[in-house]
Amino acid sequence: MHENRKSYPKGKTRMYQQLQELPKKYKVLAIIKMSKVRSTQILPLRKILKGQVEFVSIKDKVAKKALEGVDTPGIKEIISELKGQCMFMFTDMSPFKLNVLLAKNKVMMAARGGDIASIDIVVPAKNTGIAPGPMLTEFKNAGIPTKIDQGTIWIAKDSTPVLKGQPINEKLAAILGKLDIKPVEAGVSLYTALEDGLKYSQEEMVIDVEKIRDEFARAHQEAVSLSVEVAYVTPENISQILSKAARYARAVSVESGFMTDETREQILQKADAQARALAEQAKYTPS
């Protein structure tokens, strides 16, 4: 239909040029599939990552055409991944770090029918400002107690129509939207990324920060335990090694009967116990 078109909207032309220039400027090209993301999720990210990430939102056909002229290692693999509306992110940040930042910056969203509640949905008692009418029935069906006062619908008392983890039906979602209650936590994750010619899939970029932190802590503890065991002295383990050496020295001193100020009492107690045991044995006469 547009094969013979000779001019294009300025916005589309600008994005086309950006897709040809930005891969040369930044080390990392990352992509988000917009089919699973709402625009309201992207706006806060633009503010948070301003100065670190450049965003370009464009449809797959234009993106493919623009990237075909880019001589960057691995770009052909990225082109094959493009489908539908895509959000391109250009940065010098590691794609793994970028994905972690995206996961941390989740936002609360208005619900749609079928969404799962991320929190217990509490509808507080207040004046809704909504005129009486069909909405009264909607509130009643949702289990939200109401009353009419001063020509508007009032919520009579706090109520919790849906608990965390439960689905939100379409009618309740509409009510929550009117009340400006946002019960769905939504995050953004990278679909694919290209760094130094290496293409990463969505699964490869998922990092469980807590799990890795625990693994580092465990590895550190095991390293310290090993260094103490082999007496490899470091600033972190010197006190433990000296404490262990002192315990072993006292044990050898007590076992060998070599008296010191620290072991005299233990040696005498041991000798007394042995003497008593010997005395008891001497009294024993076999029948």
Hey, got the dipole for region 165-287? About the Cα centre, +1 on K and R Cβ, -1 on D and E Cβ, debye to the nearest 20? 600
Whole-Å distance, taken between Cα centres, linking region 221-260 and region 17-91: 58
Probe 1.4 Å, accessible area per residue of region 21-171, Å²: 57
Mind giving me the nanometre distance, one decimal, between the label points for Asp158 and Leu268, set 7 Å out from Cα along Cα→Cβ? 6.9
Projected onto the charge dipole of the chain (+1 at Lys/Arg Cβ, -1 at Asp/Glu Cβ, origin at the Cα centre), which of Leu101, Cys86, Pro183 gives the Cα projection farthest towards the positive end? Cys86
Hey, what number do you get for the chain at 222 nm if only DSSP H runs of n ≥ 4 count, each worth -39500 (n - 2.57), divided across all residues, to the nearest 500? -14000 deg cm²/dmol
Could I have the simple spin-label model distance between Val252 and Gln221, label points 7 Å from Cα toward Cβ, reported in nm to one decimal? 3.0
When the distances between all Cα atoms of the chain are binned every 5 Å from zero, what whole-number percent does each bin get? 1, 4, 8, 9, 8, 7, 7, 7, 7, 7, 6, 5, 4, 4, 4, 4, 3, 3, 2, 1, 1, 0, 0, 0, 0
If each residue of separation counts as 0.36 nm, what is the full-extension length gain between Thr260 and Ile238 once their alpha-carbon separation is subtracted? 5.6 nm
With a ≥ b ≥ c taken as the square roots of the eigenvalues of the C-alpha gyration tensor of region 1-126, please select rounded if a/c is under 1.5 and otherwise prolate if a/b is larger than b/c or oblate if it is not? prolate
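What does the charge dipole of the chain about its Cα centre add up to, to the nearest 20 debye, if the Cβ of each Lys and Arg holds +1 and the Cβ of each Asp and Glu holds -1?
I would put it at about 1740 debye.
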Kindly report the accessible area of region 236-287 per residue (heavy atoms of protein chains, probe 1.4 Å, no ligands, DNA or RNA), in Å². 84
Taking all protein chains in place and a 1.4 Å probe, what share, in percent, of the accessible surface of the chain do carbon and sulfur account for? 53
Give the range of the longest stretch in the chain that excludes all trypsin sites (Lys or Arg not before Pro) found in loop regions by DSSP and having at most 16 other beta-carbon atoms within 10 Å. 165-287
Candidate cut points under chymotrypsin sites (Phe, Trp or Tyr not before Pro) in region 248-287, DSSP loop plus at most 15 other Cβ atoms within 10 Å of their own Cβ, are Phe258, Tyr284
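Restricting attention to region 198-268, which GluC sites (Glu not before Pro) occupy a DSSP loop and are surrounded by at most 16 other Cβ atoms within 10 Å?
Within region 198-268, the qualifying GluC sites (Glu not before Pro) (loop, at most 16 other Cβ atoms within 10 Å) are Glu236, Glu262.
The values are calculated or read from the model by the stated rules, or taken from the named source; none is laboratory data. No experiment lies behind these values; they were computed from the predicted model shown. Neighbour counts run over all protein chains shown; Cβ positions are idealised from the backbone, glycine included. Side chains are part of the model used for accessible areas, which takes the heavy atoms of the whole protein and leaves out ligands, DNA and RNA. Shrake-Rupley method; radii C 1.70, N 1.55, O 1.52, S 1.80 Å.
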